[in-house]
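Reviewing the structure listed below.
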Amino acid sequence: MKPFVHLASACALLAVSVSASAQFAKPEDSIRYRQSSLFIMGQHFARVGAMANGRTPFDAKVAAENAEIVAAMAKLPWAGFGPGTDKGAPTKAKAEIWSEQAKFREAGEKTMAETAKLAAAAKTGNLDALKAAFGATAGSCKACHDAYRGQ
């Protein structure tokens, strides 16, 4: 039942994100939205990483549940990077996000693709597959952070 609740919640958030960019009344709302979705994604990604890196015991069910949430959440933050959202609230987003829109969009698409692969690998219950997919996903996150996230 718990995986269903997580999946239903993620699907609801996904449905909201489709029209989210039109619903932000102020730039700070958009910034909070993207920061919140990235925070939740990071929390669940860290749980998968702890298993992939041997810091916590591997539990295939828990890994699959968390990886599924990561994949769903990876689709959300991009709506929060609209025009004018480079200011309005404290943010670590670099100006290059808005000056290099095509590259930024490509980085986001790569992250979404890698998180989908992570979820698929986690569903296999194979720790080695999870480790490989985790490494690739972490690499896509790092590349985006290196290029588009400030200190």
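In the range 81-91 there is no residue that is assigned to a helix (DSSP H, G or I) and at pLDDT 95 or above. Number of residues in the range 19-60 that are of a type in the set (Ser, Thr, Tyr), in a helix (DSSP H, G or I) and surrounded by fewer than 19 Cβ atoms within 10 Å (Cβ to Cβ): the value is 2. Can you name the residue in the range 42-66 that is free of Cβ contacts under 8 Å to residues at least 60 places away in the same chain and aliphatic (A, V, I, L, M) and, of all such residues, is farthest from Gln23 (Cα to Cα)? Looking at the filtered set, the residue picked out is Ala50. How many residues does the range 30-73 contain that are among the aromatic types (Phe, Trp, Tyr), closer than 17 Å to Lys131 by Cβ and more than 12 Å from the chain's Cα centre (by Cα)? Final tally of qualifying residues: 1.
Answer yes or no as to whether Lys131 is touching a residue at least 40 places away in the same chain (Cβ under 8 Å) and surrounded by fewer than 14 Cβ atoms within 10 Å (Cβ to Cβ). No; evaluated as a whole, the condition is false for this residue. Does any residue of the range 92-105 turn out to be part of a helix (DSSP H, G or I), of a type in the set (Phe, Trp, Tyr), surrounded by 16 or more Cβ atoms within 10 Å (Cβ to Cβ) and touching a residue at least 60 places away in the same chain (Cβ under 8 Å)? No, because not a single residue in the range 92-105 is part of a helix (DSSP H, G or I), of a type in the set (Phe, Trp, Tyr), surrounded by 16 or more Cβ atoms within 10 Å (Cβ to Cβ) and touching a residue at least 60 places away in the same chain (Cβ under 8 Å). I'd like the full set of residues that are over 15 Å from the mean Cα position of the chain (by Cα) and aliphatic (A, V, I, L, M), limited to the range 116-151. Result: Ala120, Ala121, Ala122, Leu127, Ala129, Leu130, Ala132, Ala147.
The values are calculated or read from the model by the stated rules, or taken from the named source; none is laboratory data. Source: prediction; values computed, not measured. Note: ideal-geometry Cβ built from the backbone for every residue, glycine included; neighbour counts use all protein chains shown.
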